[in-house]
Amino acid sequence: MATAHKNLSHFDPDQLPAGKGLSIALVVAQWNHEITAALYEGAKATLLSAGVQAADITTYRVPGSFELIYGSKHAQSKNPDAVIAIGSVIQGATKHFDFVCQAVSQGIKDLNVQSNIPVIFCVLTDNTLEQAQDRSGGKHGNKGVEAAVAALQMADLSKH
Ligand code: DLZ
């Protein structure tokens, strides 16, 4: 596994596009709230540290990761520079995990194909709660931080 021994959330702030003047939408699933709240905090703190104004960060909350598709589409309709879809799907005893992961990854991919506003995939798909904790502020970093970096890079790309 690529992340087995790595914290992937380190980045060079000097290499980040300036955030001032950018508007970013965060769409946050409430399932596994402990995890998605930590991802959200990581993403928001990174955007603010890059110069995005607090007033230019809009938050939308949706029930679960499946609803991130509609939530992100709604966020795109408000014309931000980028959208970050935040969720955490954790394997259970049934096949629900597979269907939700498949739907949300395909749905967000479709939004990126259909619109010029990038949607960043910040959805953890873990086998255990511990794996999710490791990637939302634990030993493997915080995927929300990585998603914010990706959002700034893609917002910048879309302007050139
Ligand atoms: C139903 C469900 C289950 C079992 N597990 C998760 C999960 O681990 N993470 C998540 O974000 N959402 C889960 N959901 C809820 C679905 O995403 C969705 O909200 C419901 O099926 C209603 O459409």
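Within the range 57-87, which residues are hydrophobic (A, V, I, L, M, F, W, C) and open to solvent by less than 10 Å² (accessible area, probe 1.4 Å)? Of everything in the range 57-87, those that are hydrophobic (A, V, I, L, M, F, W, C) and open to solvent by less than 10 Å² (accessible area, probe 1.4 Å) turn out to be Leu68, Ala75, Ala82, Val83, Ile84, Ala85, Ile86. Applying the criterion of being assigned to a helix (DSSP H, G or I), of a type in the set (Gly, Ala, Ser) and within 12 Å of the ligand (Cβ to nearest atom) to the residues of the range 89-131, the residue that is farthest from Thr59 (Cα to Cα) is Ala103. Selection within the range 73-103: residues that are of a type in the set (Val, Ile, Thr) and farther than 16 Å from Arg135 by Cβ. The member of this set that is modelled with the highest pLDDT is Val83. Of all the numbered requirements in (1) in contact (Cβ under 8 Å) with a residue 12 or more places away in the chain; (2) under 15 Å from the mean Cα position of the chain (by Cα), Tyr70 misses one, and that requirement is (1). Cβ separations smaller than 7 Å between residues 6+ apart or across chains give the following pairs from the range 138-154 residues that are open to solvent by 40 Å² or more (accessible area, probe 1.4 Å) to residues that are of a type outside the set (Ser, Thr, Tyr) and modelled with pLDDT of 95 or more: Lys143/Leu39; Lys143/Cys122; Lys143/Leu124; Lys143/Arg135; Met154/Ala82; Met154/Pro118; Met154/Ile120. Reported count of residues in the range 23-56, each being closer than 23 Å to His160 by Cβ, among the hydrophobic types (A, V, I, L, M, F, W, C) and open to solvent by 10 Å² or more (accessible area, probe 1.4 Å), is 1.
The values are calculated or read from the model by the stated rules, or taken from the named source; none is laboratory data. Everything quoted here is computed from the prediction, not taken from an experiment. Reconstructed Cβ throughout: ideal geometry from the backbone, glycine too, with neighbour counts over all protein chains shown. Quick note on the areas: whole protein, heavy atoms, side chains included, nothing else; ligands and nucleic acids left out. Shrake-Rupley method; radii C 1.70, N 1.55, O 1.52, S 1.80 Å.
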